[in-house]
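The next block holds one structure in the form of structure tokens; read it before the comments.
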Amino acid sequence: MRVYVPLTLPGLAEAYRTGALGDGPFLAYAVTPALREWYLSDDIEELEYAALSRAALASLRLLAADAGAPRRRVVVAVDVSDDAASTDPDRGLDPAALGEVRVAGAVRLAEAAAVHVDAADAEADVTAAADALPAADGGDDDARFTVDGAEDHELLWYATQEIPLLIG
């Protein structure tokens with residue numbers, strides 16, 4: 001199963017330093033039954049993109065909690081065994097938890113398939129989105145529009161060999 005792990009650039013640097021994305025359990029996103037039902041598509045590429053987008057939003061939440069992190073969303077794509085990732089049945093239909101999985105064990109960064117990161121030109125919109133996130137969560141439509149503005153930026157694909165360039 002491919003999972004998408006939300007991080008920040010400092011989180012990616014730490015994963016690079018330690019060689020591990022996490023010791024488990026940790027939060028990731030994947031194509032879950034609830035995500036399939038919500039997205040209403042059988043196209044696996046579209047579903048994977050939806051899971052990646054959910055992880056990008058989770059990365060934005062990490063940025064909102066870490067004012068010192070560079071304002072670029074980071075998502076690491078990694079394949080884990082099907083039994084390593086599970087959904088919480090109590091949160092399965094919660095719109096905030098669509099695609100959410102818990103990865104049970106340690107995952108080595110060397111197992112990652114790719115890294116997705118915002119381009120530098122997204123930083124202003126990502127900064128505004130991270131700042132607006134609390135108000136958007138509270139129902140403010142203008143803040144929601146600002147948060148959605150970050151989603152207008154596609155995350156760029158990087159090979160894992162390029163991680164030193166991203167964190168350097």
Among the residues of region 1-37, the number that are acidic (Asp, Glu) and in contact (Cβ under 8 Å) with a residue 60 or more places away in the chain is 1
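Does residue 49 satisfy the condition of being among the hydroxyl-bearing types (Ser, Thr, Tyr), part of a helix (DSSP H, G or I) and within 19 Å of residue 165 (Cβ to Cβ)? I'd like the intermediate steps shown before the answer.
Values: among the hydroxyl-bearing types (Ser, Thr, Tyr): yes; part of a helix (DSSP H, G or I): yes; within 19 Å of residue 165 (Cβ to Cβ): no.
The answer is no for residue 49.
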Could you say whether any residue in region 104-113 is modelled with pLDDT under 90 and either open to solvent by less than 40 Å² (accessible area, probe 1.4 Å) or touching a Leu at 6+ places or on another chain (Cβ under 7 Å) (or both)? yes
Looking only at region 52-68, which residues are part of a helix (DSSP H, G or I) and of a type outside the set (Ser, Thr, Tyr)? 52, 54, 55, 56, 57, 58, 60, 61, 62, 63, 64, 65
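Scan region 18-43 for residues that are part of a helix (DSSP H, G or I) and either more than 17 Å from residue 78 (Cβ to Cβ) or open to solvent by less than 20 Å² (accessible area, probe 1.4 Å) (or both) and report the count.
Step one: filter region 18-43 for residues part of a helix (DSSP H, G or I), giving 18, 33-39.
Within this subset, residues satisfying the condition of being either more than 17 Å from residue 78 (Cβ to Cβ) or open to solvent by less than 20 Å² (accessible area, probe 1.4 Å) (or both) are 33-39.
Of the residues in region 18-43, 7 are part of a helix (DSSP H, G or I) and either more than 17 Å from residue 78 (Cβ to Cβ) or open to solvent by less than 20 Å² (accessible area, probe 1.4 Å) (or both).
Taking the criterion of being in contact with a Ser or Thr (Cβ under 8 Å, 6 or more places away or on another chain), closer than 25 Å to residue 33 by Cα, open to solvent by less than 20 Å² (accessible area, probe 1.4 Å) and not hydrophobic (A, V, I, L, M, F, W, C), would at least one residue in region 76-90 satisfy it? First the steps, then the outcome.
Start the filter on region 76-90 by keeping residues that are in contact with a Ser or Thr (Cβ under 8 Å, 6 or more places away or on another chain), which leaves 87.
Now narrow it down to the ones that are closer than 25 Å to residue 33 by Cα: 87.
From what's left, open to solvent by less than 20 Å² (accessible area, probe 1.4 Å): none.
The answer is no, given that none of the residues of region 76-90 is in contact with a Ser or Thr (Cβ under 8 Å, 6 or more places away or on another chain), closer than 25 Å to residue 33 by Cα, open to solvent by less than 20 Å² (accessible area, probe 1.4 Å) and not hydrophobic (A, V, I, L, M, F, W, C).
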With criteria (1) over 28 Å from residue 17 (Cα atoms); (2) touching a His at 6+ places or on another chain (Cβ under 6 Å), residue 94 comes up short on (2)
Take the residues of region 12-31 that are within 15 Å of the chain's Cα centre (by Cα) and not hydrophobic (A, V, I, L, M, F, W, C): which is nearest to residue 166 (Cα to Cα)? 22
Could you say whether any residue in region 132-154 is under 24 Å from residue 14 (Cα atoms), of a type in the set (Asp, Glu) and more than 16 Å from the chain's Cα centre (by Cα)? no
Residue 125 meets each of (1) more than 28 Å from residue 168 (Cα to Cα); (2) in a helix (DSSP H, G or I); (3) of a type outside the set (A, V, I, L, M) with one exception, condition (1)
Restricted to region 44-63 and to residues being hydroxyl-bearing (Ser, Thr, Tyr) and either under 13 Å from residue 96 (Cα atoms) or buried (at least 18 other Cβ atoms within 10 Å of the Cβ) (or both), the residue farthest from the chain's Cα centre (by Cα) is 53
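The values are calculated or read from the model by the stated rules, or taken from the named source; none is laboratory data. What you see is a predicted model; the values in this text were computed from it and never measured. When we count neighbours, we look across all protein chains shown, and the Cβ atoms used for this are built from the backbone with ideal geometry, even at glycine. Side chains included, ligands, DNA and RNA excluded: accessible areas come from the protein's heavy atoms. Shrake-Rupley method; radii C 1.70, N 1.55, O 1.52, S 1.80 Å.
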